[in-house]
Amino acid sequence: MQNDIEQTLVLIKPDALKNSLTGYVLSQLSEFHSGLRFAGAKIVHVNQMLAEEHYAEHRGKIFFPSLLAYIMGGIHYADQPWKRRVIALVYQGPGAVLKIRDLSGPTNPHVARDTRPGCVRSLGTVVPLKDAEGKVIGERMDNLIHASATPAEAEREIKLWFRPTDIPPGMRIYQTAVVHEYYYFKDGSLFLQYEPGTICLFAPGDIVWQSDLEAVRLLYQGKEAPCSAAAVAAKYLINAEQESA
Ligand code: GTP
Ligand code: MG
């Protein structure tokens with residue numbers, strides 16, 4: 001695998017699914033238009049932990065709760081929780097990040113329509129956010145897709161949503177490692193042995209992202225790590241609930 005190959009994460013968000021824009025988005029991002037190849041794909045019921053980790057940089061902002069509700073599907077499938085999904089895709093190829101950002105367009109759909117008519121987000125919408133008294137306190141941008149902004153962001157995001165084994169062996173560009181120990185997770189904490197309610201993150205012989213393994217080893221020792229235990233665990237909890245919340 002060449003080192004100059006880039007990958008990027010695309011999420012087809014609940015508003016795109018609800019409006020049957022999936023085929024349109026896939027066509028726009030297709031190899032014919034973008035020159036990029038699929039390296040991974042999955043349909044994900046986004047839980048609170050994954051949503052919070054994905055949008056960690058926006059924690060504390062006025063639009064954060066609505067951003068979580070949006071990506072978790074609660075806005076577009078309020079009464080149909082089983083339909084709350086996003087499609088997560090990894091695209092691969094030279095300049096993948098910028099190519100997909102370009103086809104996607106500006107964050108704000110109104111700006112997208114004004115400045116880049118024809119880009120994917122020009123078909124999105126902006127919704128006013130109101131407080132209990134009906135006063136407008138901000139806005140929510142329903143912009144149909146997510147696309148990683150930089151190669152570093154793409155690496156963090158792909159490792160958050162995908163396990164190495166979700167990506168064909170010849171297409172993995174981030175370092176992997178084979179695990180020799182067990183690690184379990186529950187409520188933000190790590191364990192070496194099974195306890196009721198824990199989920200198994202790693203078992204001997206598993207192929208995992210090397211950075212996840214390093215992070216978990218540091219965190220278990222109580223040391224600082226580049227990412228949280230929740231960021232490692234989120235992908236192992238994807239679609240793992242017994243029923244849609
Ligand atoms: P993504 O591809 O979704 O990550 O969008 P982006 O990279 O163009 O924007 P960014 O990562 O900064 O923000 C993530 C999401 O938060 C956006 O898609 C918007 O839905 C929302 N968002 C970001 N900035 C603002 C803002 O200033 N106001 C509001 N209302 N929403 C914002
Ligand atoms: Mg972004």
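Some notes on this structure:
- Filter pass, I137 being hydrophobic (A, V, I, L, M, F, W, C), surrounded by fewer than 22 Cβ atoms within 10 Å (Cβ to Cβ) and at pLDDT 95 or above: no
- Of everything listed in (1) among the acidic types (D, E); (2) in contact (Cβ under 8 Å) with a residue 60 or more places away in the chain; (3) part of a loop (DSSP other than H, G, I, E, B), the single unmet condition for E133 is (2).
- Qualifying positions in region 61-81 - part of a helix (DSSP H, G or I), of a type in the set (A, V, I, L, M, F, W, C) and within 11 Å of ligand 1 (Cβ to nearest atom): F64, L67, L68, I71
- Within region 82-107, the set of residues being within 11 Å of ligand 1 (Cβ to nearest atom), open to solvent by 40 Å² or more (accessible area, probe 1.4 Å) and outside any loop (DSSP other than H, G, I, E, B) comprises just one member, R101.
- Within region 43-90, the set of residues being away from ligand 2 (no atom under 16 Å from the Cβ), under 19 Å from M141 (Cα atoms) and among the basic types (K, R) comprises R84, R85.
- Single match in G138, G95, G134, G188 (criterion: away from ligand 2 (no atom under 14 Å from the Cβ) and closer than 26 Å to A233 by Cα): G188
The values are calculated or read from the model by the stated rules, or taken from the named source; none is laboratory data. Note that the coordinates shown come from a computational prediction; the quantities given were computed from them, not determined experimentally. Please note: Cβ atoms are built from the backbone with ideal geometry, for glycine as well, and neighbour counts cover all protein chains shown. All accessible areas refer to the heavy atoms of the entire protein, side chains included, with ligands and DNA or RNA removed. Shrake-Rupley method; radii C 1.70, N 1.55, O 1.52, S 1.80 Å.
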